1. So which pairs qualify, if the first residue must be in the range 222-251 and under 17 Å from HIS60 (Cβ atoms) and modelled with pLDDT of 95 or more, the second must be assigned to a helix (DSSP H, G or I) and more than 16 Å from the ligand (Cβ to nearest atom), the Cβ gap must be under 6 Å, and the two must be at least 6 apart or on different chains?
2. Which of the residues spanning the range 516-569 are in a strand (DSSP E or B), buried (at least 17 other Cβ atoms within 10 Å of the Cβ) and charged (D, E, K, R)?
3. Can you name the residue in the range 401-424 that is open to solvent by less than 30 Å² (accessible area, probe 1.4 Å) and within 25 Å of TYR63 (Cβ to Cβ) and is also farthest from the chain's Cα centre (by Cα) among such residues?
4. When you look at MET32, is it touching a Pro at 6+ places or on another chain (Cβ under 7 Å) and more than 30 Å from GLY435 (Cβ to Cβ), yes or no?
5. Take VAL261 and tell me if it is open to solvent by less than 10 Å² (accessible area, probe 1.4 Å), β-branched (Val, Ile, Thr), within 16 Å of the ligand (Cβ to nearest atom) and out of contact with any Asp or Glu (no Cβ under 9 Å at 6 or more places or on another chain).
6. Checking PRO418 against (1) within 16 Å of the ligand (Cβ to nearest atom); (2) part of a strand (DSSP E or B), only one condition comes out false. Which one?
7. Which members of the range 484-500 meet the condition of being among the aliphatic types (A, V, I, L, M), open to solvent by 20 Å² or more (accessible area, probe 1.4 Å) and touching a residue at least 60 places away in the same chain (Cβ under 8 Å)?
8. For the structure I just gave you, tell me whether LEU240 is closer than 9 Å to ALA290 by Cα and either buried (at least 16 other Cβ atoms within 10 Å of the Cβ) or within 16 Å of the ligand (Cβ to nearest atom) (or both).
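The values are calculated or read from the model by the stated rules, or taken from the named source; none is laboratory data. In this text, all values refer to a predicted model and were calculated from it rather than measured experimentally. Here Cβ is always computed from backbone atoms with ideal geometry, including for glycine, and neighbour counts include all displayed protein chains. When the accessible area is computed, the model is the full protein with side chains, heavy atoms only, and any ligands, DNA or RNA have been set aside. Shrake-Rupley method; radii C 1.70, N 1.55, O 1.52, S 1.80 Å.
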Amino acid sequence: MYDLVIRGGMVVDGSGAPARRADVAIAGDRIMAIGDNIGTGRDEIDASGKIVTPGFVDIHTHYDGQATWDQEMAPSSWHGVTTVVMGNCGVGFAPARPDRQDWLISLMEGVEDIPGTALAEGMTWDWETFPEYMDALERLPRTVDVACHVPHGAVRAYVLGDREQPGAVPTDADIAEMSRIVEEGVRAGALGFSTSRTVLHKSVDGELVPGTTATPEELIAIGRAMGRVGYGVFEMASDLKREWNEFQWMGDLSRETGLPVTFAALQSIAKELPLDEQISEMRAQNDNGANIVAQIALRGTGIIMAWQGTVHPFRFKPAWVEIETLPWAGQLARLQDPAFKARMLAEENMFPESDVVELLHVIAGGWFAQFEMGPDFNYEPTPQESIMARAAEAGMSGAEYAYDLLMQDAGKGFIYFPILNYADGNLNFLEPLQGADDTVNSLSDGGAHCGTICDAASPTFMLQHWVRDRAGARVTLETAIKRQCRDTALLYGLEDRGMLAPGYLADLNIIDMAALKLGKPWLAFDLPAGGKRLLQKADGYVATVKSGQVTFRNGACQGIFPGGVIRGPQRVEYAQAAE
Ligand SMILES: [Zn+2]
């Protein structure tokens with residue numbers, strides 16, 4: 001008798017093979033059999049009419065702080081994710097000298113919009129080195145497995161100390177020490193190294209992430225450290241400025257070490273290379289023996305604007321600045337006052353100095369690019385659904401229409417503003433990329449951008465929109481599941497998951513595709529110290545199983561935490577022996 005049998009579902013196994021009706025038998029943390037008449041289980045789940053998939057593997061998250069205090073790991077775990085890779089984009093919390101802890105928090109708060117007060121209250125800092133951080137992670141089990149990158153920002157600050165200033169040039173000895181620390185982290189089990197090369201990533205004090213202007217020599221030296229260990233993914237967020245010639249060093253690094261290099265590929269105001277050139281430059285390197293993989297998002301990177309969020313269109317108005325620090329009840333009372341509203345709408349914006357001032361203008365008045373976000377919101381909205389179009393129909397100014405949207409639900413209304421990846425006003429450009437084997441589904445940024453973005457639900461969006469509902473070209477269920485499970489797992493050397501087959505880890509989802517539906521996001525104030533974050537649930541997840549144990553039933557956390565810390569690449573001995 002097995003521990004658990006999932007009976008009668010349509011098994012989408014993650015290999016890309018056609019879905020087939022079968023039972024899945026689990027013992028301990030492993031899948032033992034898939035087929036008909038496989039016997040019974042002590043526990044059984046009826047999956048008839050549902051799909052059965054591997055657990056989702058999300059390789060681009062920022063749960064580095066949250067994972068040290070939180071076992072549920074929402075919102076990713078609410079969307080079928082059973083493995084997260086953290087420490088992306090060069091930011092994280094180890095290594096950390098005691099006198100740099102606050103500084104690392106301000107870096108994470110600035111880059112990823114995770115409330116610093118929550119991080120300061122939530123983290124225990126019972127580590128200094130990277131291996132000690134991994135040990136600290138190991139002490140708290142969760143609903144998901146977590147894996148790490150060693151983040152460049154923390155490493156550079158650790159080695160350079162007070163010399164870490166904008167434009168700092170590390171000495172050869174510094175680079176050797178950084179390489180040693182990265183090698184030590186990877187030997188302790190980190191799956192890669194990450195760096196940030198974008199002006200969009202700054203600390204709350206406006207400092208660029210350490211390493212933003214690192215030379216190719218520094219980056220390649222660090223890549224060699226992973227090469228000495230024999231595994232590790234080099235992850236990067238970059239503005240891809242032409243003069244930096246990023247693809248050349250990414251190609252050189254990957255050819256020399258044999259390791260994959262992966263970067264965020266987006267339509268972005270901050271990126272000098274347009275997306276099609278990002279892809280063609282990558283392919284030119286790959287045709288020449290490199291292994292570069294583009295991380296793509298499945299929808300616009302959408303800022304969710306709200307009075308209580310981090311960003312909304314009126315934040316540059318003097319009237320807003322006046323009430324900015326009031327408690328919410330006080331703000332709401334003012335916002336509901338017609339005279340206050342009239343004054344705010346009539347005022348000129350006062351923009352701060354910024355590298356991205358055009359962007360601030362779009363936030364404060366780009367009504368063509370902003371959309372009402374109701375309960376049945378379509379994340380691929382048409383121009384006719386924009387605030388500009390709706391306001392014109394209603395005979396109102398865009399600003400007044402936007403103000404009224406934010407006032408809905410007693411001041412808890414939302415406006416969706418796809419800041420990246422929506423330059424065309426649709427997602428057609430992602431159609432060919434989702435069929436390519438040099439791209440990988442990513443950029444959910446789970447755990448980050450707490451007051452601005454909630455894309456951790458992207459696996460649900462993939463199934464709801466790209467597989468089921470989209471008006472234009474769609475993605476087959478089998479391809480979508482392979483991309484979100486097997487392809488992401490293999491990029492990071494996790495051969496033991498992302499597939500449903502005997503010997504593989506028993507990480508699964510049972511999903512009612514007909515009922516699958518993203519809920520409306522909401523702002524919760526449930527981080528440590530009352531820190532805010534956007535959360536989003538979904539209907540349709542009948543159950544999620546992690547390492548053979550049911551962690552969620554119908555969206556409810558079961559209080560069972562089988563997830564651990566992944567150390568190094570993972571193999572499937574049993575399945576290999578059977579083949
Ligand atoms: Zn990121």
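1. Cβ pairs passing all conditions: GLY232/VAL186; GLY232/MET226; PHE234/GLY223.
2. Across the range 516-569, the qualifying residues are ARG533, LYS546.
3. Among residues in the range 401-424 that are open to solvent by less than 30 Å² (accessible area, probe 1.4 Å) and within 25 Å of TYR63 (Cβ to Cβ), the one farthest from the chain's Cα centre (by Cα) is PHE414.
4. Spelling it out, MET32 is indeed touching a Pro at 6+ places or on another chain (Cβ under 7 Å) and more than 30 Å from GLY435 (Cβ to Cβ).
5. Spelling it out, it is not the case that VAL261 is open to solvent by less than 10 Å² (accessible area, probe 1.4 Å), β-branched (Val, Ile, Thr), within 16 Å of the ligand (Cβ to nearest atom) and out of contact with any Asp or Glu (no Cβ under 9 Å at 6 or more places or on another chain).
6. (1)
7. Selection gives LEU491, MET499.
8. no
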